[in-house]
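One structure below.
Derivation of every value follows stated rules applied to the coordinates shown; laboratory data play no part. Values in this document were obtained by computation on a predicted structure and should not be read as measured data. FYI the Cβ positions are ideal-geometry reconstructions off the backbone, even for glycines, and counts take in every protein chain you see.
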Amino acid sequence: MSILEKDLKQNTEPKAKDNLLEVKNLKTYYPIKGGFFRRTVGYVKAVDDVSFEIKKGETLGLVGESGCGKSTTGRTILRLLNATSGQIIFDGQDITNIRGKALREARKDFQMVFQDPYASLNPMQMVGDVIAEPLKNFGKHNPKELKAEVMDLLQRVGLPEDAYYKYAHEFSGGQRQRIGIARSLALKPKLIIADEPVSALDVSVQSQVLNLLKELQQEFDLTYLFIAHNLSVVKHMSDRIGVMYLGNIVEIADKSSIYDEPLHPYTQALISAIPEPDPKRKKERIVLTGDLPSPANPPTGCPFHTRCPVARPECSEVKPQLKEVKPGHKVACVLYD
Ligand code: SF4
């Protein structure tokens, strides 16, 4: 290989140092207590061996049915929940088990936008105080500077200045979500985990909030982990998409590969359920039978074999690993072994 070819290869290959977040073999299990002595009699395997990375400035979408573990994954990364095992590397630092001051410092760089903006805002505080709270927690106490910063954030999320003196209940759902976004931006984080940020909003305001998140990503140089069950919303927002099923990532690839050439039978079923806007174009819908199994008692072998329309006998015995089958396209299914 010539020096020029080597240089080109190095420049085009993804480098680990470009990753803002690396999640390696992450597991989050909840103990199930039972019996007279409340002993641990089992575990709910909410997140079961999940690995992925997000590059700086990228948006990774996580999709799947409710109960598939996507929110638990987000909360574990933010250290709102403790990982049972695995590693979370954020901006080169292993944050899996950090505590106290180190965790507090690290938290400045990763924030969450919640699904229900009303529940996440203190109804007793003025909006100005809600947004200023993280700044105060991290030592900014000059009232003049604080107010100027909050006013700037209000303007950047498209709220009027007088919102500063109002309370959360005086705003619509979309405006409340803007307040939540302003608060999450206050400390100028690097990563935002948005957990179903528009699913509680009217369809008419969903696209406004999504477009705002996209604009802010450019403006603040943000990286997103975008969690949602709505595939159209995830498509609009994401560069790459991970599909979760029963605590596992079963497929991960760039957006166009997931939507145009889904490989995993579960992803194919999800994509087939997206309504076709052009009534002349017919597409066959793959209807999955059966319910999502309980993560407290997951099936042996492939977690999807109880509902998979193309399952083979060996699928109930061996759990397929997530493998790269095309550049940047990973899938966990024996069909691609
Ligand atoms: Fe279906 Fe088997 Fe592939 Fe699982 S491993 S998705 S059961 S074909």
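Which of the numbered conditions does I274 fail, given that it passes all the others? Conditions: (1) of a type in the set (A, V, I, L, M, F, W, C); (2) within 9 Å of the ligand (Cβ to nearest atom); (3) farther than 21 Å from T73 by Cβ; (4) in contact (Cβ under 8 Å) with a residue 40 or more places away in the chain.
For I274, the failing item is (2).
So, in segment 179-209, how many residues would count as being free of Cβ contacts under 8 Å to residues at least 40 places away in the same chain, assigned to a helix (DSSP H, G or I) and crowded, with 18+ Cβ neighbours inside 10 Å?
2
Output the residue which, of all residues in segment 243-271 that are in a helix (DSSP H, G or I) and either free of Cβ contacts under 8 Å to residues at least 12 places away in the same chain or of a type in the set (F, W, Y) (or both), is nearest to the ligand (Cβ to nearest atom). Please lay out each step first, then the result.
From segment 243-271, those in a helix (DSSP H, G or I) are 255-260, 265-271; that's our starting set.
Checking which are either free of Cβ contacts under 8 Å to residues at least 12 places away in the same chain or of a type in the set (F, W, Y) (or both) leaves us with 256, 259-260, 266.
Values: S256: 22, Y259: 19, D260: 19, Y266: 6 Å.
Ranking the candidates gives Y266 first.
For the subset of segment 304-337 comprising residues that are of a type outside the set (K, R), part of a strand (DSSP E or B) and more than 11 Å from the ligand (Cβ to nearest atom), which member is nearest to D49 (Cα to Cα)? First the steps, then the outcome.
Of all residues in segment 304-337, those of a type outside the set (K, R) come to 304-306, 308-311, 313-318, 320-322, 324-325, 327-329, 331-337.
From what's left, part of a strand (DSSP E or B): 324-325, 329, 331.
Among the residues that remain, those that are also more than 11 Å from the ligand (Cβ to nearest atom) are: 324-325, 329.
Details: E324: 16, V325: 19, H329: 18 Å.
Ranking the qualifying residues of segment 304-337, first place goes to E324.
Scan (1) part of a loop (DSSP other than H, G, I, E, B); (2) near the ligand (Cβ under 9 Å from one of its atoms); (3) touching a strand residue (DSSP E or B) at 6+ places or on another chain (Cβ under 9 Å) for the single condition G301 breaks and write down its number.
In the conditions (1) part of a loop (DSSP other than H, G, I, E, B); (2) near the ligand (Cβ under 9 Å from one of its atoms); (3) touching a strand residue (DSSP E or B) at 6+ places or on another chain (Cβ under 9 Å), G301 misses (3) alone.
Among the residues of segment 139-148, count how many are surrounded by fewer than 16 Cβ atoms within 10 Å (Cβ to Cβ) and part of a helix (DSSP H, G or I). Spell out how you get there, then give the answer.
Pass one, segment 139-148, residues surrounded by fewer than 16 Cβ atoms within 10 Å (Cβ to Cβ): 139-145, 147-148.
If we keep only those that are part of a helix (DSSP H, G or I) as well, we get 143-145, 147-148.
Summing the residues that are surrounded by fewer than 16 Cβ atoms within 10 Å (Cβ to Cβ) and part of a helix (DSSP H, G or I) in segment 139-148 gives 5.
What are the pairs, 6+ residues apart or on separate chains, where a residue within segment 291-314 that is among the aromatic types (F, W, Y) has its Cβ under 9 Å from a residue that is near the ligand (Cβ under 8 Å from one of its atoms)?
So the pair list comes out as F304/V250; F304/H264; F304/P265; F304/Y266; F304/A311; F304/C315; F304/A332; F304/C333.
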